[in-house]
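Asks: The structure that follows is given in the form of C-alpha cells.
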Amino acid sequence: MPSFGGSSHPCVRCGALTAGIALGDLCPRCLKDVTKKAARIGRLAGVVTTLLLAGYVMITLRSVPPAWQATARTVGAVAVLAWYLLTYRIVQRIALEWLK
C-alpha cells in the first residue's frame with residue numbers, strides 16, 4: 001500500500017515492502033548489514049596489505065645511508081599509513097557495490 005510521502009517498493013535483498021526507497025534499493029536494515037560487511041572486508045584487506053607493505057619498507061630501509069635514516073623512516077611511516085587508508089576506502093567501496 002503506498003504511503004502519503006511516496007510509493008513503497010520491496011527491498012532487493014529481503015523483500016520487505018519499505019516506504020521511501022527507490023525501485024531496486026535496499027531497506028535501511030539491509031543497507032546497514034551490507035555496509036558492515038563491506039567495512040569488515042575493507043579492514044581485512046587494508047590490514048593484510050599494509051602489513052606486507054610495512055615489511056617491505058622495513059627491509060628496504062636497511063639500505064638507506066645513516067644520515068637519511070630518520071627522514072626515510074618518517075616517509076615510510078606516512079606512506080604505510082596512507083596506503084592503509086586508501087586501501088580500506090577503495091576495497092570498502094568495491095565490496096559495498098559488489099554486495100548490493
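Asks: Compute the angle between helix 69-99 and the longest alpha-carbon principal axis of the chain, please, reported from 0 to 90 degrees and rounded to the nearest 10.
Replies: 20
Asks: How big is the gap, in Å, between the Cα center of region 79-100 and the Cα center of region 9-59?
Replies: Distance between centres, Cα-based: 10 Å.
Asks: A further question on this structure: Nearest 10 degrees, 0 to 90: what angle lies between the long axis of helix 28-60 and the longest principal axis of the chain (Cα atoms)?
Replies: 10
Asks: Then there's this: 5 Å is the cut-off here: which amide hydrogens, built 1.01 Å from N in the peptide plane, fall below it relative to C11, excluding neighbours closer than 5 in sequence?
Replies: Under 5 Å from the amide H of C11 lie the amide H atoms of A16, L17, T18, each far enough along the sequence or on another chain.
Asks: How far apart, in nanometres, would the label points at R13 and V78 be if each is projected 7 angstrom from Cα along the Cα-to-Cβ direction?
Replies: A separation of 3.9 nm, rounded to one decimal place.
Asks: Next question, about the same structure. For percent of Cα pairs over 23 Å apart, several values are listed as (1) 50; (2) 16; (3) 39; flag the one computed from this structure.
Replies: (1)
Quick note: the coordinates plus some simple rules give every number you see, no bench work behind them. In this text, all values refer to a predicted model and were calculated from it rather than measured experimentally. Methodologically, a virtual Cβ is constructed for each residue, glycine included, from the backbone with ideal geometry; neighbour enumeration extends over all protein chains shown.
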